[in-house]
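Report on one structure; see the data block that follows.
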Amino acid sequence: FGHNESTLLLCPYGSGTSYINHNQQSPNAKIVWPDEAHSLIHKKEWLNESIDFLEGQFYAALEFEYVATRDIYPDEEVFIDYGLEWEDAWNQHINAWIPQTDDDFDDASQWSCFKDCDNATPIRTKEEQNSEPYSPNVEIYCFCSYGYRTESVWKEFDDWRQSDAAYKFPCEILRRYLRQG
């Protein structure tokens, strides 16, 4: 969520946020800053801090709540009003959107080593990509943690997709070695 006079963008996450949709005509919920007495992390003073200050923080301390504006019944969808600017931008996106073709899109799950590393397709080296490039939707990032020198880093960051972005860097695979055993 953002404001047109600010470069700050709040990106809500959590199991319920993907189920709250836009409805300008009849929203049944709204977003509010929480009462600090009932919040575990919200720091009200951060609302007056600069963007530079916020960029330097390494933990979340701004929080908001979804509050029902009327009774919401079982199986009823939760709606908030995202605002007219969002609705206009969404409609422009829908009108300009062109679906990707199979030639433009690679399903990156074939290279995933999260569940079955023995059967994952190897990531192409820089040289291999000269003759068989990935589609534009695929980017290769490497995980690197300078603070750890043991195997425990892989246990700590078991799912690298959730790890701190400071540890992920765009990279190229220069060579591939076969592992013995």
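The values are calculated or read from the model by the stated rules, or taken from the named source; none is laboratory data. In this text the structure is predicted, and so the values were computed from the model without any measurement. Positions of Cβ are generated from backbone atoms using ideal geometry, with glycine treated the same way; all protein chains shown enter the neighbour counts. Surface areas here come from the heavy atoms of the whole protein model, side chains and all, with no ligands, DNA or RNA. Shrake-Rupley method; radii C 1.70, N 1.55, O 1.52, S 1.80 Å.
Where residues in region 29-47 are aliphatic (A, V, I, L, M) and at pLDDT below 90, which of them is surrounded by the fewest Cβ atoms within 10 Å (Cβ to Cβ)? Ranking the candidates gives ALA37 first. Figure legend. Inter-residue proximity from region 1-24: first residues under 19 Å from SER50 (Cβ atoms) and aliphatic (A, V, I, L, M), second residues surrounded by fewer than 11 Cβ atoms within 10 Å (Cβ to Cβ) and modelled with pLDDT of 70 or more, beta-carbon distance below 9 Å, spacing 6+ or different chains. Indicated pairs: LEU8/ILE51. The set of residues from region 48-92 being hydroxyl-bearing (Ser, Thr, Tyr), modelled with pLDDT under 90 and either closer than 25 Å to ALA37 by Cα or surrounded by fewer than 10 Cβ atoms within 10 Å (Cβ to Cβ) (or both) comprises SER50, TYR59, TYR66.
The residue that is surrounded by the most Cβ atoms within 10 Å (Cβ to Cβ), counting only those in region 93-126 that are assigned to a helix (DSSP H, G or I) and at pLDDT 70 or above, is LYS126. Considering (1) open to solvent by 50 Å² or more (accessible area, probe 1.4 Å); (2) modelled with pLDDT of 85 or more; (3) in contact with a strand residue (DSSP E or B) (Cβ under 7 Å, 6 or more places away or on another chain), the lone condition that TYR19 does not fulfil carries the number (2).
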